Amino acid sequence: MTNLVKNFLQKLRSRQSYRNTYNELARLTDRELNDIGIGRGDIKRVAMGDPEYRLVSDYNDNLKGWV
């Protein structure tokens, strides 16, 4: 019974984290999303924590250490 409750609570926390991340990213403008290397169509993947999605593949060396 304890594992059942733990699993339920973990899934609940995970879902809440997803919703929070999704909502925060969805509030950003297209320009703000582009600045952090995310397309509007990628919000769901980023919020779900897709390990195959790379947020920044190419970055500006002038910004290194700032973003």
Check your understanding: Order of 36-43, 9-16 by packing, highest average Cβ count within 10 Å first?
Key -> 36-43, 9-16
Exercise for review: State in Å² the accessible area per residue of the stretch 1-53; use a 1.4 Å probe, count heavy atoms of protein chains only, and round to the nearest integer.
Suggested key: 84
Point to revise | For the stretch 1-44, the spread of Cα positions along each principal axis, largest first, Å | key: 48, 14, 13
Study note, to complete from the structure: Around Tyr18 (Cβ within 12 Å, Cβ-to-Cβ, excluding Tyr18; K/R +1, D/E -1) the net charge comes to +4
Point to revise | Candidate residues Tyr22, Tyr53: accessible-area rank, largest first, probe 1.4 Å | key: Tyr22, Tyr53
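Got a sec? What order do Val46, Val5 fall in by accessible area at 1.4 Å, biggest, i.e. largest, first?
The most accessible residue leads, giving Val5, Val46.
The values are calculated or read from the model by the stated rules, or taken from the named source; none is laboratory data. Quantities reported herein were computed from a predicted structural model and do not represent experimental measurements. Cβ coordinates were reconstructed from backbone atoms using ideal geometry, including for glycine residues, and neighbour counts include every protein chain displayed. The protein model used for the area step is the full one, side chains on, heavy atoms only, and it has no ligands, DNA or RNA in it. Shrake-Rupley method; radii C 1.70, N 1.55, O 1.52, S 1.80 Å.
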